[in-house]
Each structure stands twice: as structure tokens, then as C-alpha cells.
Number of protein chains: 4
Amino acid sequence: MTQSIGFIGLGIMGQPMATNLVRAGYKVTVFNRTRSKAEPLEKAGARVAISPAEAARDADVVISIVSDSAAAEEVILGKGGALETLRAGAIVIDSSTISPIVSRRLACHTAGKGAQMLDAPVTGSKHGAEKGELTFMIGGERAVLDRAMSVLQVLGKKHIYCGQNGSGLAAKLAQNVIQAAMVEVFCEGFVLAAKAGVQPRTMFEIVQSSMARASLTDFKAPFIFKGDFTPYFPLKLMHKDLALAMEAAYAQGVAMPTAAAVKEVYGAAKAKGKGDQDYAAVITFLEEIAGVQVRD
Amino acid sequence: MTQSIGFIGLGIMGQPMATNLVRAGYKVTVFNRTRSKAEPLEKAGARVAISPAEAARDADVVISIVSDSAAAEEVILGKGGALETLRAGAIVIDSSTISPIVSRRLACHTAGKGAQMLDAPVTGSKHGAEKGELTFMIGGERAVLDRAMSVLQVLGKKHIYCGQNGSGLAAKLAQNVIQAAMVEVFCEGFVLAAKAGVQPRTMFEIVQSSMARASLTDFKAPFIFKGDFTPYFPLKLMHKDLALAMEAAYAQGVAMPTAAAVKEVYGAAKAKGKGDQDYAAVITFLEEIAGVQVRD
Amino acid sequence: MTQSIGFIGLGIMGQPMATNLVRAGYKVTVFNRTRSKAEPLEKAGARVAISPAEAARDADVVISIVSDSAAAEEVILGKGGALETLRAGAIVIDSSTISPIVSRRLACHTAGKGAQMLDAPVTGSKHGAEKGELTFMIGGERAVLDRAMSVLQVLGKKHIYCGQNGSGLAAKLAQNVIQAAMVEVFCEGFVLAAKAGVQPRTMFEIVQSSMARASLTDFKAPFIFKGDFTPYFPLKLMHKDLALAMEAAYAQGVAMPTAAAVKEVYGAAKAKGKGDQDYAAVITFLEEIAGVQVRD
Amino acid sequence: MTQSIGFIGLGIMGQPMATNLVRAGYKVTVFNRTRSKAEPLEKAGARVAISPAEAARDADVVISIVSDSAAAEEVILGKGGALETLRAGAIVIDSSTISPIVSRRLACHTAGKGAQMLDAPVTGSKHGAEKGELTFMIGGERAVLDRAMSVLQVLGKKHIYCGQNGSGLAAKLAQNVIQAAMVEVFCEGFVLAAKAGVQPRTMFEIVQSSMARASLTDFKAPFIFKGDFTPYFPLKLMHKDLALAMEAAYAQGVAMPTAAAVKEVYGAAKAKGKGDQDYAAVITFLEEIAGVQVRD
């Protein structure tokens, strides 16, 4: 029998994810705060609900992907939220990047309804979402994941089970701390070298000749050298993820002195108006201080 | 006509470098503070000098590779140092990783003798030195580099010209800041994930599935998971390079907030007795704080 | 006519505050999660409620002082919380040190009931609470503060109006950042000096001879020199306040690189088991790294 | 018999110090790199030397106060430096704020001439120098200090013996780290509060009501509120002292994570052109990021 899916949140990632589920033949009911964003889905064959609760009614699986912890609490726990109608035995997959602590609380409330939750944040761009090639990091019970796997396979090609509820998010945040720091410290190094008269291309050749070479910086460097900061992942979202990681570190008794420093640099860049640019734009904050440009 | 080479400093890197030069047919005169270390070179066919000055007398090229700024000043500028005997037109190649500021001063003094200096720090392990496969980052006049190239090609397979005197060192230090931070923040992320119940292998799979994957962390991770910190590059030397980078940043008006934080973490790890281990041992400092182990 | 006061939270500070209100002749109804803590108040003449809602019923003023943002949300907004019964025109004074963002949300919900809220965190020890000598930093409408002043004057001797809702908390957190950093960096300086052979008493004499002299460090230093870390203000609470300050800074686009570094040092000290000691115990974390003791 | 004094370095502090020695009846021979600065001293009755060596010839006590480690090495060890002529039994008092490591090396060389050195950096403004009210922090042998005390009493009113050579400087640097951090974190707190709508005067009242009150911030605050950064102590010199402190911490195995963060903030402010202003101008760097002004 065809599974019914409630899908909450039709943003940059949610839109193509929901579309893929419709195309795969699921009965999909979508909800988005701004209703107009639901129209393409409606045309594709989805039903449109007027509340998360309506989207969740009769659903076997509810998928939510919203912008922050408060929004996730609202669509799941709030008035008109999914838990109002969720039936026992259903599965909630929350793919939002939010606080692991909030996520564990949502999982508890979900369990209180006889249903179960997975935290399943993703990596991969809008493009990856369109092609169903996302990577999922998943926290919750493995048996629940097994039951949800057929749906998740429509959305992504890699599904990494991390452990108990909240651990998918912890893994995602750890991953983003590593990426944020790699890019920011790459920029610190390039500014230092540029100030000493080393051409950016020369410094790049050195990094590429070394074990520090990474796809991430291979990808970002040409954009940095052109000063093109069209957002692949906006700086303000990277700053948000760093803040979430520090919150998780606080809650778990982990010292992250470098992540803390990195977060303040992105935060300063955001405050200076660079939040909507790609996070590689953090280099311009460092350049403005040093009075140098890392450009071709 | 065969070129004469004075070679100063027979440490882990200097020993195989000098040996390669002897084997390549150069007339090599070596100097090392501890004379016994010169014996293998003597057997291989080098002459042994009792001072840097003696090693530099009649040399076309003087190569030095010593442990720090003070030692470099001593062997080049000090009493019995190379500049006492260096003839006009000779080339000094200093491959020590030292302060770019000190290096530029040495270059000035060398020019005062009618000779010329290149700063030419290397990356690559002892193994790379043995096989003549080092990478050189080179500062100084390009015409001088051209004249020195035949010698440098015996020692390494990649020679990256960076610009004016001191820029080779600036590039090397920028490179090491990037590596030091990559490894340290990788450790912060893994400790955060481990504390949330994510297995190290799982977290590693996530990093390897992402654009953050790098040969450096691919190489370090298995050692970290085994708790094997046999030194490839000792933590205390990475800490030294971070200190040199911060000194260069100070001199050039570059803010490096993340590098500053990273340096203090390595410094704390060194103070706790981990200086002679590989720099990946920085993770044990973070683990001891968080009360968790990132092990298989 | 005698005002009725609902008082929620009988911890170290709440207990003596509520007692002072009873003694001043107010009709006080108290609530505490652990009922046994309410007994002394009952003997003193307070009524004991079984929920925040019951404590708030008929109250002219509701005062809450609980441990964190979640607890404040629970006792005010939650099931059985004060807002369920609060009458229009009443005033809620929340003296908890919590997130200014959460506090502003509570103020909105309170306004929705036709009542009004002040955030009014305090400084001053248990001793100050007993003697009615606390300092209040107050956010909200000034007219509301004017109406609440007679009650607040029973509890403290200084009432500083800071501005709109949330600004009392922002001021309190800014103040604690300053104190936390002063003590921590005092410790860094003393460890550096001690490692160089300067006696702690000598270093202290230097600080006391300078403009950097402060009552705070004059007070903490003798305890540090004795290694006596009996908690005046526990390290874990200082770490909590630093985390709240960073959260507020994140929300408002303020870069606090030094506060971020300070927070990680306290966090590391807490993770190493020093959370229940006075926050001056942060020095022992630094001492353990440096291998030196700052003792008489 | 009247003691002869060689005095090297007639900067902002050196000028009034040397003048006080002349007035106290000592035979003073001065040296300054820029000779014109020696003219007022000549008129006051000092002899003017053309080199440090000439100033040191026949001196019982040589006092030097120059701008950095390199300058101190130059005037003491360099060609034409004081050690060339210094007689056995003389005392060198170096009041420059320089690296303790360099200072210890100078002390060794001085001992090699049968003379002895004290490191004796000062605190106190130009005004304090004029009135002979400086505070000296002194490293070296106590017996040497006893012999030098009569001279030092002309220059200052407080003389704090810190221990072995280099410890006077270590104490001075520790003191400046504390001051630099106090002012910078005061600024971070005020920016956070201002962004939340708290008036600077209100926040100041809170700090002044607390144990965190210090003469230093009482003094700086009114200038900050006016945006008046006329230099009492220029920001670039505070940055220099932070760099020296970090260098000393590196050499001695002390982790100073907060000092490291503070140094980068001052460094960024200096790079943005604020180096010649008072170090309280660091607030403008933080204000520019946060988009707020802490002004009356």
C-alpha cells in the first residue's frame, strides 16, 4: 500500500525533496507557512494543508525541514503542530539543522504520542536535493530508521546512522565546525601570505601540493580569487550552525576554543553585512583589517 | 666545473639532504655543532669543517638548515659564522623554518658581503628528504634562484618561487597554520561528536563523504583512533611554527584570531608533556577536558 | 490596602527575598518545585501554593527567580504556570538570570494577558539578599517600574533602570562578562608571573599599586593564594552566564572574541570537575597546564 | 663621591628621568640616537655622548630606556654599545619594556664584563616620570638592587623586587596583559549592553556599583563616552606588550588563551589605523562591527 507522507517546510531544500517524493509515487500532503510556495507542489500532485497538523493527519511519515529550533518546535509541538494529529506508529523525520537539545525534547514529545522521531539533517546543495543525492546523518532508533529507509532513499544516496536521538545533529554540527574552520583558517593563511608578497595562486599551489589539499578549498579558492561570493551556503547560516555547535558543546561539557574563535570571526563578518554572501566571504573581513586583497 | 657546497646543520632533514648532494657529485663540506653526527657524511665523502665559517670558505653555495632563529643567526652572522668567510657572488640557501623577519635581516647582512641569500624552507618528511622529493618554498631574487636551481633539484622535486626575501618563510608558515588548524579543529569536532555518542568511524565516514575530506586528516585519523602518536611532525615543532606565524602576523599587521586560539591549544598540550608526540596528539588534551576518548 | 505577592522559586536568593517581603507586611503566597523548601516561609507567615498559577491568582505582583530559561518558561508560560491565573494589571518581576530573548518572549505573553513584565536580575550575594541590599538591573516600561518600586525597595537598595524589556538582563550579562574576564585574565597574568619566578604576593602588590586594582580581585586574590575555592559564585553559574551572554551577542550581531575565549576556559575548568567551586578556581585549570602554583 | 651615570634613550620617559638625575646632582652623560633630543639635557647640565659606549665609559650606573628588544640589544651589545666600555663593577639598569628572554641574554653578556644588570621596567605616565613617581618592577640580584637603590629613588617612589633577571619584565608584562584585557572586555560588555538599548552611563553605574569597579575603567570610561582617544598609552604600544607577553608565555610553557584573543583584537584595531590613539580606542573597532556607538 502506498505510504502517506506529510511534508512541512518548502524552502530551498524542502521544495525539491517534496517534489521527489511526489514523483516517486507517495501520497504527499505539504504545508508551508507562506502558502504560495506550495503551488508548484500542488501542480505536481501534492495536497496542500493549512497547518502542520493537517499535513500530519493520516501520515505514515512526517518530514519537516524548517529554518531553526523555534520553527521546528512550532511546527511539531505548537498550536496546530504535527503532534496534534500524529497517529501512533507514525515516524517523524526532522531534517532541520537545529539544536540537538531541542531535537531530543521533540523526540520525547513524539514518543509520548506513541510515534517516533529521527533527527536527520542533510548535507548537499539544492542541486543535490533535486537529484536525490543528499547525505543524511541520522539519530534515533535504528529500527525506526530501517522502517523509514525506503522514503529516505528517494531523497538521498547516503544515510549514515549516528546513534541515539540528537546524534545525527551532533554529527552534522561537528562536520560544519570542521568546514567553517577549514575555510576561515585557509583565509587567515592566505591573508598572511599575501601581506608578505606571496601571490594567491602561488600560495594555492603550495596548499594543493600538500596533504592539506581538500575539495572544499579547491572549490572555494577560485571564487575567493575572483571576489565572487554568490552564496552556495550563506555566511549567516554557517554562523548559525557554529552557534548551535557551541550550544551543544556547552550542554555536553566539551571545550571548543578554536570553534569559539572561528564563530566570532563569522559573526563579525555577518555584522558587517556579509551574511547573505557565501561563507567564503569571511576573507573580506580579514582583508579589510589587514589592508590587502587576496585576488588574482 | 664542480660546484663546492658548504652544508650547515645535519639534523633529521639535513643529514639526508647533504648525503644526496655528495652522491650527486658535489664537493660538500659539512658542519654540525655535534661533530659525531657528521661521521656518516665523512664516510660518504664529505669534508668536515670545525665551524660554519670553514664550511663556507670557497663554497659556491652554502646551505643551512638549523632549528630556530637564534641558531640561524649564530651559524650565519655569529662568531665563526658563514659570513666571516663567504665570498662575493656566493649563494646562501637557508632552509631553516625561522622568523621571516630574522631571515630578511640575514639576507641584508649577506648582501653586505656581496653574496645573496634565499629563504627556502621545506615541506616533506625525513623520507621525502632521503628520496630528494622535498617541496621548497623560496624567497629572494628570482635570478638567484635560477642560479641555485641545479642544486635545489637534487634535494626536491617541487620548487615554488614566492617572491622577495622572507616570502618563502611566510608561505611555509601560512601553510603550517592551515595544517595545524585543520587537525586541531578536526579533533574538536570529533570530541563533540563522540560526546554525543557518535562513533569515531561514523564521524570519519561523514567527513570523508564531504568536501572537507583531505589527505592530511585521512592520514592522521587512523593514528588518532588507535591512540598512536609516533611523531611524524612533533607537536612542539608545530607549536613553534604557530608562534613564528603569529610573530610574522604581528609584524605585518595581520589579525589571525583563529590561529591565535589554535596556538594556545597546542601550547597547552605541549605544556602537559605532549610536545614530543605527533601533533595529532593535541586531541588527547581535548579528550582529557571533555572526559571522552575518540578511539576505535 | 496591602498588596498581594506571588513568589516563585525559593532557592538561595529566593528564600531570603520572600522572607523579607513577609516581614515587610505583604501577603505572600510562595511556590517552590520542592515543597519542603517552602516550610520556613510557611512558618514565617506565607501561604504555600501547589503551582505557580495558584501563587499568581489574586496577586498584584508576581516575583519569580528560578535557575534557567527553561524553568522561567515553565513557571510563567507552562501548564500550571503563572499566566494561567494572572489578572490584568498585575506585574510580573522576573529576577532569574536567563536569556534576554526568552525574557522578551515572556514579556510578550504577559502583555497578552493585559499584565506587564519587568526583567530584574540581581547582583549581590545570599547575604545581600538577606539584608535587602541587592542591586537590581531592570528592563521594561518605566511606569511599571514606578508601580513596582515599593516592593523592590524591600529587596534591594539599588535599582537601575536599563530600558526596554530584556535590557536589564543584557546589562547583567555584560556585567558578568566583565567580572568573569577580569578574574580569568588576572589568573593568566599571575600564572605567567609565577612561572617567571615572581611571588604571587609581589605580583599582587604590583596590581594593587596600579590603576587595575579592583575590589573584585582584592577579594579573590587571598582565596586564590590559599587555594580556597569555597563558592561565593560557583564556576558553573559563571559559565552559564557567559553562555547566555554569547547567545545574546549572537542574537544582536555583537562580536565578543575575548568573552568567547574566556567562556571556553571556564567551560574546560567545569568539564574538569571544578563547576561547584568558586569561579576563581579557574586558576587551577591554568596552573595545571603550566605546571606551577600561584600560592603563598 | 658623586656617582657618574650614563643615560641612554631620551624618549617620552627617558627625557624627564635623565633630567631628574641631573637635578639630583649626579654627573650624567646622555646618549640619544636623534641628537637634537639631547639638547634640553645639555642645557640642564648633562654631557652629551655620541655613542652608548661613550655614555657608559666611566659610569657607575648605566640606565637605558629604549623602544624595543632590537634597540636594547643595539645600545648594549651592538657596535658602539655600552658593553664596549662598561667597567667591571658597574650596574646596567634597563628600563625598556622588552622581551624577558632578550633581557636575560643582555644580563649574561653584562655579567661577562664583570658588571651586572637589572631589568627595571616602569609603570606610570610621562607625568609620573617628571615628578619622580614611577613604579619600578625589578629583576636581578637583590644586592645589586640595594646598590642601585639611591639612584632609583630619584626616579620613582615604588620599587618592587621581583626576583631573578627577567622577572621584573615578566611582572610588567603580566600587569599589562591584565590592564589590556580589563579595558577590552569592558568595551565588549558596553557594546553588548548598548546594542540592547542600555545607555552607556547606566551600564557604567552598574559597573561602578559592583566589585568590578577599578580606577582604570573609571578613568577610561569618560574618554570612551566622549570618543576622545588622546593617547595616554598608545594602542600600538599595548599591542606590542601583548606580543611580548605571548612570546614570554611561549618560552615558559604558559597557556594564555584569553590574552591571545585580546592581542588579536588590539592588533586588528592597530591594523585599522588606531595604533597612535589611546588603547581605549579598541572600543571603536568593536563598535564598527556591531554598528553601535557607546557615547553619551
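The values are calculated or read from the model by the stated rules, or taken from the named source; none is laboratory data. Please read these numbers as outputs of a predicted model, since none were measured by experiment. Ideal geometry is used to build each Cβ from the backbone, glycine not excepted, and the neighbour counts take in all protein chains shown.
Observations on the model:
- Residue match in segment B:154-164 (condition: part of a strand (DSSP E or B), within 24 Å of B:V75 (Cβ to Cβ) and within 14 Å of the chain's Cα centre (by Cα)): yes
- Test result for D:G189, modelled with pLDDT of 95 or more, assigned to a helix (DSSP H, G or I), closer than 30 Å to D:C108 by Cα and at the interface with chain C (Cβ under 10 Å from one of its Cβ atoms): no
- Test: A:A212 is under 18 Å from the mean Cα position of the chain (by Cα) and either facing chain B (nearest Cβ under 7 Å) or among the aromatic types (F, W, Y) (or both): no
- Candidates B:L155, B:L169, B:L235 - the one that is of a type outside the set (S, T, Y) and closer than 15 Å to B:A281 by Cβ: B:L235
- Among the residues making up segment A:33-53, a single one is surrounded by fewer than 23 Cβ atoms within 10 Å (Cβ to Cβ) and either within 16 Å of A:K113 (Cβ to Cβ) or in contact (Cβ under 8 Å) with a residue 60 or more places away in the chain (or both): A:A53.
- Unique match (being over 21 Å from D:S150 (Cβ atoms) and either surrounded by fewer than 23 Cβ atoms within 10 Å (Cβ to Cβ) or not assigned by TED's automatic domain parsing to the domain that holds D:I138 (or both)) among D:R57, D:R23: D:R57
- Test: residue in segment C:74-90 that is crowded, with 22+ Cβ neighbours inside 10 Å and under 16 Å from C:P121 (Cβ atoms): yes
- Residue that is modelled with the highest pLDDT [pool: residues in segment B:217-235 that are among the hydroxyl-bearing types (S, T, Y) and surrounded by fewer than 18 Cβ atoms within 10 Å (Cβ to Cβ)]: B:T230
- Residues located in segment A:200-209, provided they are out of contact with any Ser or Thr (no Cβ under 9 Å at 6 or more places or on another chain) and more than 7 Å from chain B (Cβ to nearest Cβ): A:P200, A:R201
- Residue match in segment D:13-29 (condition: over 22 Å from D:K157 (Cβ atoms), part of a loop (DSSP other than H, G, I, E, B) and touching a residue at least 60 places away in the same chain (Cβ under 8 Å)): no
- Among the residues listed as C:A129, C:A82, C:A120, C:A115, the single one being in the same structural domain as C:I50 (by TED's automatic domain parsing) and free of Cβ contacts under 8 Å to residues at least 40 places away in the same chain: C:A115
- Which listed residue is under 20 Å from D:V122 (Cα atoms), more than 11 Å from chain C (Cβ to nearest Cβ) and in contact (Cβ under 8 Å) with a residue 12 or more places away in the chain, from D:K226, D:K236: D:K236
- Residue in segment D:183-197 that is within 21 Å of the chain's Cα centre (by Cα) and of a type outside the set (D, E, K, R) present: yes
- Within the option set C:Y279, C:Y266, being touching a residue at least 12 places away in the same chain (Cβ under 8 Å) and touching a strand residue (DSSP E or B) at 6+ places or on another chain (Cβ under 9 Å) holds for one residue only, C:Y279.
- Wholly enclosed strands (runs of 3 or more DSSP E) of segment A:42-152 bearing at least 1 residues in contact with a Phe, Trp or Tyr (Cβ under 8 Å, 6 or more places away or on another chain): A:61-64, A:134-139
- The set of residues in segment A:124-173 being surrounded by fewer than 24 Cβ atoms within 10 Å (Cβ to Cβ), within 11 Å of chain B (Cβ to nearest Cβ) and among the polar types (S, T, N, Q) consists of A:S125, A:T135, A:Q164.
- Residue match in segment C:224-243 (condition: charged (D, E, K, R) and closer than 18 Å to D:A180 by Cα): no
- Segment A:178-216 - residue that is within 14 Å of B:T217 (Cα to Cα) and touching a Phe, Trp or Tyr at 6+ places or on another chain (Cβ under 7 Å) and, of those, surrounded by the most Cβ atoms within 10 Å (Cβ to Cβ): A:I178
- Of all the listed residues (D:A245, D:A269, D:A261, D:A249), the sole one being within 14 Å of B:M256 (Cα to Cα) and either basic (K, R) or within 10 Å of chain C (Cβ to nearest Cβ) (or both) is D:A261.
- Check on D:M182, assigned to a strand (DSSP E or B), on the phi < 0 side of the Ramachandran plot and modelled with pLDDT of 95 or more: no
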